[in-house]
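Just so it is clear, none of the values below were taken in a lab; they were calculated from the coordinates. Owing to the predicted nature of the structure, the values given are computational and were not obtained by experimental measurement. All Cβ positions, glycine included, derive from the backbone under ideal geometry; neighbour counts span all protein chains shown.
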Amino acid sequence: MTTTTESLAVTPASGTAHTRLEGRDKVTGAARYAGEIPFAELAHGWLVLSTIARGRIRSVESGPVLAMPGVLAVLHHGNAPRLNGDYTNGFGTAEPILQVFQHDRVPHVGWPVALVVAETSEQAREAAETLVVHYDEEPHDIAFFPGRPGVRTPDGSPGTPTETQKGDLAAELAASAVVVDAEYTTPEEHHSPLEPHAAMARWDSGRLEVVDSNQGSRFVSEELAKLFSLDPASVRVRSEHVGGAFGAKATRPHVVLAAMAATVLHRPVRVVLTRRQMFSVIGYRSPTVQRVRLGADADGRLRAFDHQAQCLTSTVHEFVERSAQFGRVLYDADAHHTVDRVVPLDVPTPSWMRAPGKAPGSFALESALDELAEKCGIDPIALRARNEPEVGPLSGLPFGSRNLLACFQEGAARFGWSDRDPRPGTRREGRWLLGTGTAASTFPSAAAPSTAAVTAEADGTFTVRITAADVGTGARTALALIAADALGVEPARIRIKIADSDFGPAMVAGGSMGTRSWGWAITAAVRELKEQLALGGVIPPQGITARADTGEAIGALAKKERHSYGAQFAEVAVDVTSGEVRVRRMLGIFAAGRIINPLTARSQFIGGMTWGLSMALHEEAVRDQASGGHVGADLAGYHFAAHADVPLIEADWVDDPDEDDPVGIKGIGEIGIVGAAAAIANAVWHATGVRHRNLPIRPDRVL
Ligand code: MOS
């Protein structure tokens, strides 16, 4: 048949609610995750992690374990194949955490020291738990506290600078009528995606075929090719369904180990991490200590702005939780200073976790802003309005759309902010003290080069192929809607295939950039396809395929301060007898670009806000100084918000299409968590008159 899409104009698919395309498969169990797909001849690897915090492996007593039923191999530093350690990945860094079994050094508790492979998962686990590893132990240091020895300027971290400075801070602080100088802390926080990390690897017709749970199959395939010195075209990674991932599912050791074992054993091997292993192996959020100094005129105009943050990293790799970056575009001041410092300790390497830097940074800074509002006697929203910058405070660049104040306006009206008595400790309901709080939110908006292919099929349908990842957010569905609208057809005519590295390079599901980057590539491919179809003619049986690569278009974008914004509101009740804090309601209003699928977008925002609630009141990983390991590294010991802790949370948005994005998208993955904990902490202050500068706000801290 011949097709011109112009003649098929239909009501746009985006902007109205659509349930997930794979929703039925997920709730009926038809959707299979990486750890569930059956493979012939599959063997099972079980990871053995170090029990000491620092030292060397003296010996691995493989003998007795190899004699156990079903055991096929014990891989460790003494017998593992050599990996290429001299490369950088798609993010421009090396990943020493992937150099598994390449040396005898133990840099922290939970470092991978062996993989036991057996016929069944149970046999592998029993053997792994029996395996004796002898160590030469050395003294370790895991103590994280403000200004401790060894805190330094980051040295090797790529990305934006870790320190910025303008103006004379000391002079502006001295000239300020009102000064806030406070220290805030956030604890070590952990990922716990519902689906644990899992990977299967096998060699098939000369190709390394991998099924993994990750945020970007192309990044993983390219990294595996580099690690194993393979032709990139000979590695294929797929991750059709992913049960949660907000930074933890980049390339991780389990997938390297599955590939290594499959190579050694010449049969398919699957490695699944346990919940407990995830606390050491997949990355986490560093604890932070943050000092914020704000100096203002009596009317609240900022003269001095200083945000200094300290985080930790491992001795293996420098990862910096950039908390001090949060306020760089939010507020201007005559003197402006931000710096992130880091201290390497004998702990696992931290990594990305939803809104890296911005989540802890916004807690400190947006709490400090609330303290400043109190001291100035100004409404917290009015204080923020007074300090709206015209251009990027440090860059001088114009802003893309900046609708922060529209968020506060809409949020204040819907939350009932104007009825608020600003005095703390004035509302009481029996044993409960009640209070409300607010905080600003922002997150960068960017796109990364991606490729996509769109095929006009002979039967009138269209097939989209892109190495996108749907980590549970509904990305697959959003991309189908974007494709349908670009083609001008009903979504039912779109077939969308994602998460296969063979589809070509594409951005990962990360940095709130996934849907924007992929949507851009898809619209570009559709434009190309339309040109080909406009030439007319019959569509052959194999269809007509157009491809696009957005590298050039994204590179040509004018320089601007591009960000999303939001206003967070919370109402809390504090039990004066037990110290318990209950969040009664939360409202988040966001200006985060055009919203493609309101149903799943709302879930994204609410999910982020729930995580912020959890951060404010519950989450805290505790390390035992003596062993260097965690206390309670499981979902019983690591508390997070359960359903009973989560009240009515409302999320909505103001109109805010990005004028420079072909679809108008900005990205919504992370902004929901930003500022949420501060809004709650500010509400606790309003309820009780007491500032809580250390998270989580546990009952024992409230009393
Ligand atoms: Mo994320 S922390 O951008 O996966």
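Here are some notes:
- Exceedance of the 32 Å cut-off in Cα-Cα distance is limited, within the set Lys375/Lys560; Lys166/Lys666; Lys226/Lys530, to Lys375/Lys560; Lys226/Lys530.
- As a proxy for reagent exposure, ranking Val684, Val654, Val320, Val631 by other Cβ atoms within 10 Å from fewest up yields Val631, Val654, Val320, Val684.
- Selection among Gly488, Pro598, Ser280 by position relative to the dipole of the chain gives Pro598 as farthest towards the positive end (Cβ unit charges, Cα centre).
- Gyration tensor (alpha-carbon) shape descriptor, the chain, a/c threshold 1.5: oblate
- The fewest-to-most ranking of Tyr184, Tyr638 by surrounding Cβ atoms within 10 Å reads Tyr638, Tyr184.
- Among beta bridges identified by DSSP and lying wholly in the chain, the antiparallel ones come to about 75 percent.
- Assigned charges on the beta-carbon of Lys, Arg, Asp, Glu; the chain dipole about Cα centre (debye): 380 debye
- The string of couplings for the stretch 147-154 from the Karplus curve (6.51, -1.76, 1.60, θ = phi - 60°) is x, 5, x, x, 5, 8, 5, x Hz, one whole number per residue in order, with x for Gly and Pro.
- Counting charges near Gly78 (Lys, Arg +1; Asp, Glu -1) among other residues having Cβ under 14 Å from its Cβ returns a value of +2.
- J(HN,Hα) series, the stretch 372-387, from Karplus relation 6.51 cos²θ - 1.76 cosθ + 1.60, nearest Hz, glycine and proline x: 5, 4, 4, 5, 7, x, 10, 4, x, 6, 4, 4, 5, 4, 5, 10
- Reach of Lys26 by Cα under 24 Å, taken over lysines that are not fewer than 8 positions away in the same chain: Lys249, Lys497
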